[in-house]
Amino acid sequence: MKRTMRKFGLAGWILLGNLAQALAGQEVTVGRVDLQLPGEGWQVYSVEDKGITLSGSGYTYQQTTDFKVIAHHGTDKVLDAVILVRANESGKGRFSGVSYPDAKCTGSPRVFAEGDQGGPAARSFRCLKIWRQSIPNVSSGIPRPALEWLAKNGWDFPPTMDMVSATQYAHSGAFASVLVYLRPIATKPVVTQTRDLPSALPGGLVEDIAHWGRELQEAVSDSVYSIRGKLPMPKFEFVDVAMDPPKLPANTEPAARPAQPASPAPSERG
């Protein structure tokens, strides 16, 4: 059920509707992309941005895009996964000959990256990046209205998250960008072995997340170049890490609450 549209005072972002109900089918449409989610219990928030400007062969074109934030939380209300998906609205793109002269897929000692190196005449672009991020930077890529939605629902970010970014841009202007935040101790990628990985991954990353990221990149690229835009997310399992409150032994009364220690005198304070 659609809800009343509400506007936020953040330039460029408009709340289209809080679709915060759990999705039974777990398939979410983002522009021309049909994202098939692993597992159940996902909730979706839709935002619209200003689109992107394409250029090439002497023309410029403003292309409409669709953008959704998809979240899954554990029983402790801490987010297990957040997925940001952005894609062109319809079709496989309007023009051929779109160029991406500034596109480069480069990493750093903290970021595992592989993909196209680009160049002045680049006609397509793909890039996979994987890194681990900590608060407060873990949420820096999420639009503020979506952050407000997450906070309104009482969902918290964990101290660290593995972040996987997979993008594909085509010469026709079709594109898909998927950024996945995974809570390391609450998610377990279900992976198949890909080609060999570098001997050393950036700090905190495990091989499974790198193999899983490669599967995601393949799915994103296949979606962009396909007719129907199907994008099956690689599978991962959620691990319930919430701690239950301690249970009292049977037939016993709760212990008396201990007295609070008195505040130290001024001469005793460090």
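Odds and ends about this structure:
- Residues SER221, SER226, sorted by accessible area with the largest first, give SER226, SER221 [1.4 Å probe; ligands and nucleic acids excluded].
- The residues of the range 22-112 expose on average 43 square angstrom of accessible surface per residue, using a 1.4 Å probe on protein heavy atoms.
- Heavy atoms of ILE70: accessible area, 1.4 Å probe, square angstrom to 10: 0
- Solvent-accessible area, 1.4 Å probe, carbon plus sulfur percent, for the range 114-156: 48
- Order by protection proxy (mean Cβ within 10 Å, highest first), peptides 167-179, 122-134: 167-179, 122-134
- Share of carbon and sulfur in the accessible heavy-atom surface of the range 27-84 [1.4 Å probe, %]: 45
The values are calculated or read from the model by the stated rules, or taken from the named source; none is laboratory data. Computed from a predicted model, the values in this text were never measured in an experiment. Neighbour counts run over all protein chains shown; Cβ positions are idealised from the backbone, glycine included. These accessible areas exclude ligands, DNA and RNA; they are computed on the full protein's heavy atoms, side chains included. Shrake-Rupley method; radii C 1.70, N 1.55, O 1.52, S 1.80 Å.
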